[in-house]
Every structure is written in C-alpha cells, then in structure tokens.
Amino acid sequence: DVKVTQSSRYLVKRTGEKVFLECVQDMDHENMFWYRQDPGLGLRLIYFSYDVKMKEKGDIPEGYSVSREKKERFSLILESASTNQTSMYLCALGGRNSGANVLTFGAGSRLTVL
Amino acid sequence: TQLLEQSPQFLSIQEGENLTVYCNSSSVFSSLQWYRQEPGEGPVLLVTVVTGGEVKKLKRLTFQFGDARKDSSLHITAAQPGDTGLYLCAGYIQGGSEKLVFGKGTKLTVNP
C-alpha cells in the first residue's frame, strides 16, 4: 500500500513565525499536492509538483511556497504565518485507479496560528 | 460557482437505515471519485467511476455514475456507526484542466 506521511499532526504557531510542513512518500511517484481544508470551503489546492525541483501554483498559492529537492519529499512553507492560515493541511500523492488519476492523502496537519 | 454540488450537506441517521447522497454538476466529467474522510484523518479513496451509467458496489455501498456523466450517487444500505464521516466526490471535467475538482462533502453521522 502507498504511504503518505505528514510528520506533524498538530502544530500551534504564532503570527509571523515561519512554518514548515513536511510530507514524505514511500513510493516513486512523481505527482504530489498540497491542499488546505476549511469548513464550508472544502478542499482547495495550494501547490503541486510533477517532479523534483518542479512546482506549479494551485488555486490559492498566496502566502505559501513549496520545496521539492528530493522525489519523496514535498514541503509546504509558510514564510510568515497569519491567523487566516489556521487550517487542516493535507498532502496527497497522485496515482491511478480504474484508468483515472486519483489521490492518496496523508493524515493531515492541523495548524493553529495564534 | 461550485462545479460539484453535494447534497445533503449534513445527514444524521440511526444505525440500520438506508441513505443516498448526491453529487451533481452542469459539466460533463471524464471520471468521478468518491472519498471518505474520518474525523482527524485524510480522505481515503472508495471508488472511481469512469463510464456513464456505471454501477460499482463496495460491500454495503453502491456507487452510480449518471448516464450523461454529470452526476453520481452513493447509496449505503443498513448504515453502521463505522460509516460515519465526510463523503467527498471529486472529478475531472471533460476537456477542462487536469486539476481535480472537489465537492464540499456530505457529513454523515450514524447513531448507534
């Protein structure tokens, strides 16, 4: 089974702090994604990457950056955390099922910014 | 504009009841997926449907893709407390971008 590991399940940070959210996969998949999930807004795509050192903006990239130095690791960075970035962050790995592209998600990182 | 509308938003039922949740769009989708997310966890893929009219069964769960590939439904027979969670539909719009479009989900609570 594919495994997507988000090392930090719960974080509490202060406004202005730099935050790193790590995501590691145990397969050799190219496509990795970062979403945030908020009540009433659903899942929104922040950034994605199709390969090492490649990154593409999603629907809400403002205030975020990403790093993909190695294929297995995709990091989400909040350069200066703000209270409106309090959210559940989900990393996902792209795969295939029944001929369609699907996602395998990590368990999520719940970030609170005070 | 929400490309995938899920209904109902919330559903609370008793153990043993049947239920259906819906995922609708005005757009045609090349495929639709259903995920279940338990509290505090990430979504987990349940099924993918790719052919109009397709029906797939997963134990007590039955998934259907509309003939026109604009809608899908999930029917649960004899719901159990373990079915509690957020059910998300997602899909790729035919001829659209390669980004996966998500509905906002149906939050199901099955009471013992």
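The values are calculated or read from the model by the stated rules, or taken from the named source; none is laboratory data. Worth saying up front: this structure is predicted, and the values here are computed from it rather than measured. Positions of Cβ are generated from backbone atoms using ideal geometry, with glycine treated the same way; all protein chains shown enter the neighbour counts. We work out accessible area using only protein heavy atoms, side chains counted, and drop any ligands, DNA or RNA first. Shrake-Rupley method; radii C 1.70, N 1.55, O 1.52, S 1.80 Å.
Relative to the current alpha-carbon distance between residue A:18 and residue A:5, full extension at 0.36 nm per residue lengthens the span by 2.6 nm.
Phi-derived couplings, Karplus 6.51 cos²θ - 1.76 cosθ + 1.60 at θ = phi - 60°, listed residue by residue for the stretch A:58-74: x, 7, 9, x, 4, x, 10, 9, 9, 9, 9, 7, 10, 4, 7, 10, 10 Hz, with x used for Gly and Pro.
Ballpark to the nearest 100 Å², how much total accessible area do A and B bury together, probe 1.4 Å?
The A and B chains share an interface burying roughly 1600 Å².
With the full set of protein chains in place, find how many percent of the accessible area of the stretch A:4-113 is carbon and sulfur; take the probe as 1.4 Å. After summing per-atom areas, the C and S share lands at 48 percent. Here each label is just a point 7 Å from Cα along the line to Cβ, and for residue B:38 and residue A:59 those points are 2.7 nm apart. Per residue, the accessible area of chain A comes to 50 Å², computed with a 1.4 Å probe over protein heavy atoms only. Of the residues B:83, B:71, ranked by 1.4 Å probe accessible area with the largest first, the sequence reads B:71, B:83. Pairs over the 20 Å Cα-Cα cut-off, from the set A:70/B:99; A:3/B:59; B:70/B:104: A:70/B:99; A:3/B:59.
Residues of the stretch B:65-112 buried by at least 40 Å² of accessible area upon assembly of all protein chains, compared with the chain on its own (1.4 Å probe): B:92, B:99, B:102, B:104. Amide H contacts under 5 Å for residue B:105: B:6, B:89, restricted to partners 5 or more places along the chain or on a different chain, H placed in the peptide plane at 1.01 Å from N.
The charge dipole of the protein assembly as shown, taken about its Cα centre with unit charges on the Cβ atoms of Lys, Arg (+1), Asp and Glu (-1) only, comes to about 220 debye. The fraction of accessible area contributed by carbon and sulfur in the stretch B:10-88 is 50 percent, rounded to a whole number (1.4 Å probe; ligands and nucleic acids excluded).
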